[in-house]
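Comments concern the structure below.
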Amino acid sequence: MTFTKSFPRLCLSLIAGLFLAWQIGGASTPTAAQETPLPEYIIQAGDTLSAIALQFDVTVADIQTANNIGDASLISVGQRLRIPGFDGVSGILRDYTLRPGDTLENIAHRLDIDEDSLIILNRIVNPNMVYVGQPFLYVSADDTPIADIAEAPVWQQNEVKFRLGENDTLANLAAEYGLTLYALRDYNAWPYPLFEFQGQEVKIAADPDAQNSFPPPFAHIEISPTEVVQGEPIVVRVATENTQMLSGELAENKLNFITTTDGQAHMALVGIYNFQKLGVYPFELVATDENGRTATFETRLRVFSGQRGQQSIQLPPEKSSLLDDETLRTEWAQLIDITKNFSATRLWDAPFEYPMEYATDRTTTTFGVARTYNGVSFNSFHGGLDFAGGLGTPITAPANGVIALAEPLTIRGNSVIIDHGWGVYSGYWHLFEITAEPGQVVEKGQIIGTLGSTGLSTGNHLHWEIWVGGHQVDPTSWLDVDYSIVPSAASTESESSE
Ligand SMILES: [Zn+2]
């Protein structure tokens, strides 16, 4: 989450900023109101007062009053705004998204802020009810001379970056972190002789103790992305201190973990159902050691809306008959029967490729759009991507895999499903021809069929799906990210020892 909303506003804000600098130059005089301690927000490119007000759950008028601003459009990037409603809290407001292992107590400890301030800032009613993915506010001290906290707060960074201030020296900084100057130079790979200048960027390995807030034997737990969204894949990465077997559950999905041979690095892929009810769900991990002893990690996370829109489709009478309940159910059961399986061998190399040429230019319907057929209710959604194309256009495997299904289906027409391993499947419907056979091993780029309009289709197109852990997910998410990376326990260790 960031405060940056859009680029066009940046230009406006910059222009507005020039006016503002000129207008309020002499007008702003200290008043009684300005003596109350209040946190400050530094205006970022693209911000508007109304967006800022919405962010902090206050009114534009309240912000104007607290800052003696007459015209709400006159704000400038870099300007500091006092944010009312958080009485008694001071510092620069920053935002963050809660991750597994975060609690108010350990965040307060690491940031050296009292827990009450965090409760005020986040309007928390029950401190035990925070959840993974929760938008979270904190303040950092204004007078910390060298702190230059980037997007991620200190407690989640593998290393901390600083910029040398006017009165800082590398020697002092090293001393503050219990390091020798030599160790600092070594870590930053600075050439010899050593230069030192104001504004110099200094990297320091994060305090290993401050990194670890997980109960043993869990050394590290992360979910990516931190915001769990309907119709998106999620990867859970866990490191354990010793050999463990993992199982778990995330938003009603069973987690199938892949574990490295040393038993200390684990990964699970989940697909969040596109119609998963919005709300807060348990996220639970159970680790079992070689002697059968178990340890549990439990937290909560929120499932956010995918907000993918709606679409009404009118089918000609001869195609409408395909929509009868029995046919729908039987065919759906057939797909579930295949895609619910978990093959422990990963065949693919990420990221995936599009299954046909010029696909990006030919996308006609995106994933997850809620659908109604012939005006009934929006009880189904578009489970994949549609690409327009000429009859007979070659369709290729987006990654290596094994053909799990290759046959004509009533609704989906000539269909192919590829099993890529680790619970990842891709599906191809409405094909003109099928050129692959069940059980056949296919490689990335190999032709598996040609584009057509068989089954419940209103014109030549390819319908392409990606399934993860038994749910359809947005295929575009699968093209950008390498979900095959297993966390390395060794790398977490080496950071600690630096
Ligand atoms: Zn489609």
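The set of residues from segment 370-396 being more than 16 Å from the ligand (Cβ to nearest atom) and more than 31 Å from the chain's Cα centre (by Cα) comprises 374, 375, 376, 390, 391, 392, 394.
With respect to being at pLDDT 95 or above, within 17 Å of residue 338 (Cβ to Cβ) and either within 13 Å of the ligand (Cβ to nearest atom) or crowded, with 20+ Cβ neighbours inside 10 Å (or both), residue 431 fits the description.
Residues in segment 217-266 that are in contact (Cβ under 8 Å) with a residue 24 or more places away in the chain and of a type in the set (Phe, Trp, Tyr): 218 only. Quick one: count up the residues across segment 53-74 that are under 18 Å from residue 87 (Cβ atoms), crowded, with 16+ Cβ neighbours inside 10 Å and among the hydrophobic types (A, V, I, L, M, F, W, C). Looking only at that region, the number is 5. Determine, yes or no, whether residue 366 is within 16 Å of the ligand (Cβ to nearest atom), out of contact with any strand residue (DSSP E or B) (no Cβ under 8 Å at 6 or more places or on another chain), modelled with pLDDT of 90 or more and of a type in the set (Val, Ile, Thr). When the stated conditions are applied, residue 366 does not pass them.
Looking across segment 259-295, the residues that are surrounded by fewer than 21 Cβ atoms within 10 Å (Cβ to Cβ) and among the small types (Gly, Ala, Ser) come down to 263, 279, 292, 295. Only one entry in 132, 89 is within 17 Å of residue 302 (Cα to Cα) and in contact with a Pro (Cβ under 6 Å, 6 or more places away or on another chain), namely 132.
Taking the criterion of being assigned to a loop (DSSP other than H, G, I, E, B) and in contact with a Phe, Trp or Tyr (Cβ under 9 Å, 6 or more places away or on another chain), the residues of segment 298-319 that qualify are 306, 308, 314, 315. For segment 437-451, filtered to residues that are buried (at least 20 other Cβ atoms within 10 Å of the Cβ) and among the aliphatic types (A, V, I, L, M), the residue that is farthest from the ligand (Cβ to nearest atom) is 442.
Residues that are more than 10 Å from the ligand (Cβ to nearest atom) and within 21 Å of residue 336 (Cβ to Cβ) within segment 452-468 comprise 455, 466, 467, 468, listed in sequence order. Answer with yes or no whether residue 454 is touching a Ser or Thr at 6+ places or on another chain (Cβ under 6 Å) and surrounded by fewer than 24 Cβ atoms within 10 Å (Cβ to Cβ). Answer is no for this residue. State the number of residues belonging to segment 399-428 that are within 16 Å of the ligand (Cβ to nearest atom) and over 14 Å from residue 465 (Cβ atoms). Residues that pass the stated criteria total 2. Regarding residue 74, is this residue assigned to a strand (DSSP E or B), farther than 26 Å from residue 237 by Cα and either touching a helix residue (DSSP H, G or I) at 6+ places or on another chain (Cβ under 7 Å) or at pLDDT 85 or above (or both)? The answer is no for residue 74.
Residue 101 passes every criterion in (1) surrounded by fewer than 16 Cβ atoms within 10 Å (Cβ to Cβ); (2) touching a Phe, Trp or Tyr at 6+ places or on another chain (Cβ under 6 Å) apart from (1). The residue of segment 332-351 that is surrounded by the most Cβ atoms within 10 Å (Cβ to Cβ), among those that are assigned to a loop (DSSP other than H, G, I, E, B) and of a type in the set (S, T, N, Q), is 343. Which residues, counting only those in segment 175-206, are within 21 Å of residue 140 (Cα to Cα), free of Cβ contacts under 8 Å to residues at least 40 places away in the same chain and not in a loop (DSSP other than H, G, I, E, B)? Hit for segment 175-206 is 176, nothing else. Pairs meeting the criteria (first residue in segment 456-480 and farther than 17 Å from residue 381 by Cα and in the same structural domain as residue 338 (by TED's automatic domain parsing), second residue within 13 Å of the ligand (Cβ to nearest atom) and assigned to a helix (DSSP H, G or I), beta carbons under 9 Å, at least 6 apart or on different chains) are 461/362.
The values are calculated or read from the model by the stated rules, or taken from the named source; none is laboratory data. On a predicted model such as this, the values are computed, not experimentally measured, just so you know. For neighbour counting, all protein chains shown are included, and Cβ atoms are generated from backbone atoms with ideal geometry for every residue, glycine included.
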